[in-house]
Every structure is written in structure tokens, then in C-alpha cells.
Amino acid sequence: MKELTAKEEEVMRFFWDEEALFVKQLVEKYPDPKPHFNTLSTYARLLEEKGFLSHETFGSTYRYFAVIGEEEYRNGTLKNVVKKYFDNSYLSVVSSFIRERDISVEEVRRLLDEVEKSNSEK
């Protein structure tokens, strides 16, 4: 899955919150000062090229909609981070969190209990 820039992700959040949007509606979602119509139109086209959006044609205008959901993107991003920074090892990720004290050993134990419970229910 391709990565999104911060601005592209910002635009995608509007599409994840709505079913479909015309660029004019997208502009209206922004607070003042609103980005220019052409700027957001460019982002929509780029996101379509990257495979995140698609569109329906209405006369001479397009209504865009997300084809990749937020959860799918989040999971893909997590996989990319683990691959890029932790040598594709989720164990390294957890170890890093424990070492940095972002997560306690007790929290890891609770997590393991939840995973074991989930696996036994399957």
C-alpha cells in the first residue's frame, strides 16, 4: 500500500467520514481560510491515482469516494512501520515499547491474555 503525505491523509479523513463528496463539498468541510478548489481537486486526483479514491461522473464534475477504508489504511501503515523500522518484527515493536516505558509488563500480560482468549474463541 502506498503511503500518504500528511495533507493527503487529511483529505482522506473527510472521505472516510462521508460516503462520497464533490470537491465543492470537500472545500466546505474545511474551516476558514479554506483551501482553494483547485488544490483539493488536485489532491483528489492524486489520491485516485494512488488507489485510495474512485469517482462517479455527473455531467462535467466528479463525485469522489474512498475505496480504501481507514482501518485498512491504518493496518497497512502499521505493517509498513514495522517492516521499515523494526526489521519486520512485531516482537521488536513490543520490546521497544517496554524499553521506552510506553507500555508496562503488566499491560503486555493483559494483552497476551486477550490474544489467548481471542484465539481460543475462534
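Every number in this text was worked out from the coordinates using simple rules, so none of it is lab data. No experiment lies behind these values; they were computed from the predicted model shown. Neighbour counts run over all protein chains shown; Cβ positions are idealised from the backbone, glycine included.
Each of K84 and E72 was given a label point 7 Å from its Cα along the Cα-to-Cβ line. The distance between the two points is 2.1 nm. Each of M12, M1 was scored by other Cβ atoms within 10 Å of its Cβ. Listed from fewest to most, they are M1, M12.
Give me the lysines in straight-line cross-link reach of K7: C-alpha distance below 23 Å, same-chain residues under 8 apart excluded. Hits, sequence-local ones excluded: K24, K29, K34, K50, K79, K84. Listed by chain and number, the aspartates and glutamates whose C-alpha is less than 20 Å from the C-alpha of K2, apart from same-chain residues fewer than 8 away, are E10, E48, E49, E70, E71, E72, D87.
Spin-label pair E106-D17: with each label point 7 Å from Cα along the Cα-Cβ axis, the two points sit 3.7 nm from one another. Helices in the chain, meaning DSSP H runs of at least 4 residues, each add -39500 (n - 2.57). Divided by all residues, the mean residue ellipticity at 222 nm is -19500 deg cm²/dmol. Could you identify which residue out of R101, R13, R74 has the top mean-square fluctuation in a GNM of the chain using Cα springs shorter than 10 Å? So, out of R101, R13, R74, the one fluctuating most is R101. Take every Cα pair under 8 Å whose residues are at least 6 apart in sequence, average their separation, divide by the length of the chain, and the relative contact order is 20 percent.
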